[in-house]
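First the structure, then my questions, so here it is.
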Amino acid sequence: MSVNVSDQGIDAIIKNPDYCDLVFDATSALSHRHHAQILRELDKVVIDLTPANVGHFCISAVNLDECLNYKNINMVTCGGQASIPLSYVIGQTQKEIDYIEVVSTIASRSAGPATRLNIDEYIETTERGIELFSKCKKVKAILNLNPAEPCIDMQTTIYALVKNPDLDILKKGINEMVQKIQRYVPGYSLIIPPTYENNRIVISVRVRGLGDYLPSYAGNLDIINCAAITVAEEYAKLMASR
Amino acid sequence: MGKIIINDVTLRDGSHAISHRLTKEHIASYAKAADSAGIHIVDVGHGNGIGASSLQVGLSLLSDYEMLEVARNNLINSKLGVHVIPGFATIKKDLSRAFEIGVDVVRVASHCTEADTTERHISYAREKGKEVYGVLMMSHMASKEVLLEEALKMQSYGAEGIIIMDSAGAYLSNDVKDRISFLVSTLKIPIGFHSHNNLGMAIANSITALESGAKILDGSARGFGAGAGNAQLEVLVAVLEKMRYETNIDLYKVLDAAEIAEEEIIEAIPTIKSISIVSGLSGVFSGFAKHVMRVANEYKVDPRNVFFELGKRKVIAGQEDIIVEVALQLSNKQNREAE
């Protein structure tokens, strides 16, 4: 297929900058901070899949178009890709939001060494994303790794403290958003529709992977990969049209 | 017989039992009493540790900062400890602030198979000169070989001891003996044990752990803790005294501290309620009890069925959101069957 491959990581691009048009960085937050500078000097477009918190935050279902104006696009985190679109809907449909919290649980086997080492960056970057897209000032993110066998699917729950909640308009907005995400992540499904319970709004989604290259329990990897691919595809279309 | 370290979790695990509503007065008076009894380490904070105040587990009445500050001001000889779970707490937001207040002991915890999430938190706390332990929670969900592998990781990150938690109160004596003696024979650092009383085994299991070579034991006044509660601290101290273990804890004063906890803090003395027996049998985190009761009542389903379903799904501490999903599922099933 004449696709260039190398085991040299970033060095392959330094040695031969024409190696590729666009770089997906799936290393780690600490490594990306180093790579970002090199790729900027080489004037490369980079889609960062680590929680490095360097590039422009991209949630494909919400702000894909504006992201194409940036050279470093950050895909936030897997939990962010699952929860931020819904937090955005909460922000768009509710007036007085005091607090938003998102909890993601992923299968242990789907969390590699970088995720584990960068668990603090995962939390900080996810929280920043929720704040940015929902406009809610007080947010919290939590991550659990569950080792159960057979492996569990990724599950994300969003809680919100909202004064005078409007559940009807929220349900409508959430359903539309879920359908939009399903276009690029078919295994994204609503398992607790917006519910008012114990003085809080609860929404829960499950993310099952396609099971093509990665096992189906790795929905966390699929959702961020699929989101990154949509960005690259739009970028490619844009380049082709110029 | 070597010296035994007692870690008092009254003001931390006890938080679960009162939905994390500890007040400054509670903390001040109990910390003072524990200090004067000669308790070695006093754990303080939200039930799941610093940075865990959340809708998922429960919101704390006070901030971590407020709780730790009051405790710090009332502890002279006892060390001030915190529980830290990476995934809830971060170094920047939570751990570094706890250090500003003057925490002495840091117990960095993970689910029993996920020790590699603790690397940076353990190293950071060691770099800051703290006494640092690695904690493996819900340890009944892993074999002794896996526990050893995870404990070795924590040891390599710099943990100065490993605490094995029976978070669901699921162990019988042989389970404790088997695991603790295996870890003690292989690890260079001391081993601790943290029990829960779901099956009435908390004190007995603590003693088994000791006889298997553990050097650190957790307990709480009147057993004040999640679900059926913990090893009852004042009983533990009395039993240790009778067995001639060295703790240097003043028995009368630890009995007094327990009275203070009962009169001023504890709303209901932990007993082994029917639901806690089911929690222990199903191997589900003791801290889920209050949430399961509330949600089961709301969705009109049997809380025991909720626990067994949670056990089947192998949920871990921190997955409280699954309770609502399971209750919703059971309620839908019930409605379908009724039609």
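How many nm is it between the label spots at residue B:63 and residue A:149, if each spot is 7 Å from the Cα in line with the beta carbon?
My value for the distance between the label points is 4.5 nm.
Let me ask something else. On a full-extension model of 0.36 nm per residue, what is the gain between residue B:245 and residue B:76, subtracting their alpha-carbon distance, rounded to one decimal in nm?
58.4 nm
Going down the list A:172/B:93; B:92/B:153; A:95/B:24; B:130/B:253, which pairs span over 32 Å between their C-alpha atoms?
Those over the limit are A:172/B:93; A:95/B:24.
Would you mind getting me the FRET efficiency between residue A:34 and residue B:313? Use the beta-carbon distance for r and R0 = 35 Å, nearest 0.05.
So, using R0 = 35 Å, E works out to roughly 0.30.
Follow-up question, since we're still on this one. Going by a 4.7 Å Cβ-Cβ cut-off, which cysteines of the protein assembly as shown have no partner at all?
Cys with no partner Cβ under 4.7 Å: A:20, A:78, A:136, A:151, A:226, B:112.
Given an 8 Å cut-off on Cα distances and at least 6 residues of separation, report the relative contact order of segment A:78-217 as a percent.
Here the relative contact order equals 29 percent.
So what's the back-of-envelope 222 nm ellipticity for chain A, counting only DSSP H runs of four-plus at -39500 (n - 2.57) apiece and dividing by all residues, rounded to 500?
Result for chain A: -13500 deg cm²/dmol, rounded to the nearest 500.
Per the helix-only calculation at 222 nm, which mean residue ellipticity applies to chain B, given -39500 (n - 2.57) for every DSSP H run of n ≥ 4 and division by its residues, nearest 500 deg cm²/dmol?
Helix contribution divided over all residues of chain B: -13500 deg cm²/dmol.
Helix A:167-182 sits at what angle to the longest principal axis of chain A, using alpha carbons and giving 0 to 90 degrees rounded to 10?
Computed tilt is about 30 degrees.
Run the quick spin-label model on residue A:198 and residue B:338: label points 7 Å from Cα toward the beta carbon, then report their separation in nm to one decimal.
Between residue A:198 and residue B:338, the label points sit 2.3 nm apart.
Given Cα pairs under 8 Å that are at least 6 residues apart, what percent is the relative contact order of chain A?
Rounded, it is 19 percent for chain A.
Using a simple spin-label model with points 7 Å from Cα along the Cα→Cβ vector, what separation in nm is obtained for residue B:128 and residue A:166?
Between residue B:128 and residue A:166, the simple spin-label model gives 4.5 nm.
Output the relative contact order of segment B:5-264, whole-number percent, from Cα pairs under 8 angstrom with separation of 6+ residues.
20
Please work out the C-alpha center-to-center distance from segment B:173-213 to segment B:20-63 and express it in whole Å.
One Cα centre to the other: 25 Å.
Quick one: if the Förster radius is 45 Å, what FRET efficiency do residue B:156 and residue A:95 give, using the C-beta to C-beta distance and rounding to 0.05?
It comes to 0.30.
Could you work out the Kirkwood radius for chain B, taking every pair of different alpha carbons, averaging 1/r and inverting it, reported in Å?
The Cα-based Kirkwood calculation yields 19.7 Å.
Just so you know, all these numbers are worked out from the coordinates, no wet-lab data involved. Computed from a predicted structure; not experimentally measured. Because the Cβ atoms are built from the backbone with ideal geometry, glycine has one as well, and the counts that use them run over all protein chains shown.
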